[in-house]
């Protein structure tokens with residue numbers, strides 16, 4: 001079974017802190033994604049990566065950066081956390097290729113910024 | 001840009017009954033894929049069913065089936081013989097044929113009542 005894990009289920013940080021969210025997948029997938037999930041808005045893509053050291057901005061990259069040094073690991077970084085970044089963050093992975101391939105999701109990290 | 005709309009924020013159904021969740025999408029593409037994902041409370045999001053736009057036959061997976069109307073750009077999910085374990089958020093999603101840029105709807109929260 002594909003497994004996508006995220007470093008924390010719940011996280012509480014203070015405004016201005018630097019926050020790291022880690023995601024690891026064990027299926028040798030080329031693509032990895034970070035989404036933000038908010039009620040009434042569904043999932044919105046923050047960043048995705050299609051290869052090691054490669055990244056592309058999604059729809060809402062402002063205030064976030066990412067790092068992919070190894071194929072299995074994709075990190076989301078909040079350089080200076082703000083209260084409007086309080087949300088559920090979901091990581092996903094998929095094989096490269098056509099849109100046929102489903103994305104496999106991690107359990108999510110619920111981040112609260114106070 | 002592709003958009004996905006789920007017009008029912010919340011729905012409920014009695015156990016063993018049938019329920020239909022609605023989804024519409026907007027695209028200029030001719031070939032693409034459509035998905036329904038399920039996110040149970042506090043659990044990982046998983047794929048329920050996938051439809052390939054070039055296939056006229058509606059996809060089915062056990063109690064789950066879709067009504068795909070390409071001309072109307074409509075993709076509804078029917079759950080038959082609803083079970084308590086079907087209680088979840090359901091997301092409709094779209095990907096173009098040739099890449100993994102997945103677009104999600106806002107979600108429908110389904111509650112199955114005993």
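Mind checking whether some residue in region B:22-34 is within 18 Å of residue B:85 (Cα to Cα), modelled with pLDDT of 95 or more and either surrounded by 19 or more Cβ atoms within 10 Å (Cβ to Cβ) or touching a strand residue (DSSP E or B) at 6+ places or on another chain (Cβ under 8 Å) (or both)?
From region B:22-34, those within 18 Å of residue B:85 (Cα to Cα) are none; that's our starting set.
Checking region B:22-34: not a single residue is within 18 Å of residue B:85 (Cα to Cα), modelled with pLDDT of 95 or more and either surrounded by 19 or more Cβ atoms within 10 Å (Cβ to Cβ) or touching a strand residue (DSSP E or B) at 6+ places or on another chain (Cβ under 8 Å) (or both).
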With the condition being farther than 23 Å from residue A:58 by Cα, within 14 Å of another protein chain (Cβ to nearest Cβ) and within 12 Å of the chain's Cα centre (by Cα), I'd like the strands (runs of 3 or more DSSP E) fully within region B:1-90 carrying at least 3 qualifying residues. B:46-52
Regarding residue A:103, is this residue farther than 20 Å from residue B:106 by Cα and buried (at least 16 other Cβ atoms within 10 Å of the Cβ)? no
Exactly one of (1) under 15 Å from the mean Cα position of the chain (by Cα); (2) surrounded by fewer than 16 Cβ atoms within 10 Å (Cβ to Cβ); (3) away from every other protein chain (no Cβ under 14 Å) is unmet by residue B:111. Its number? (1)
Yes/no for residue B:71 being farther than 20 Å from residue A:108 by Cα and surrounded by fewer than 15 Cβ atoms within 10 Å (Cβ to Cβ): yes
Of all the residues that make up region A:85-113, how many are more than 17 Å from residue A:24 (Cα to Cα) and away from chain B (no Cβ under 12 Å)? 6
Taking the criterion of being in contact with a strand residue (DSSP E or B) (Cβ under 8 Å, 6 or more places away or on another chain), within 16 Å of residue A:14 (Cβ to Cβ) and at pLDDT 95 or above, would at least one residue in region A:93-107 satisfy it? no
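The values are calculated or read from the model by the stated rules, or taken from the named source; none is laboratory data. Every value quoted in this text rests on a predicted model; they were computed, and no experiment measured them. Please note: Cβ atoms are built from the backbone with ideal geometry, for glycine as well, and neighbour counts cover all protein chains shown.
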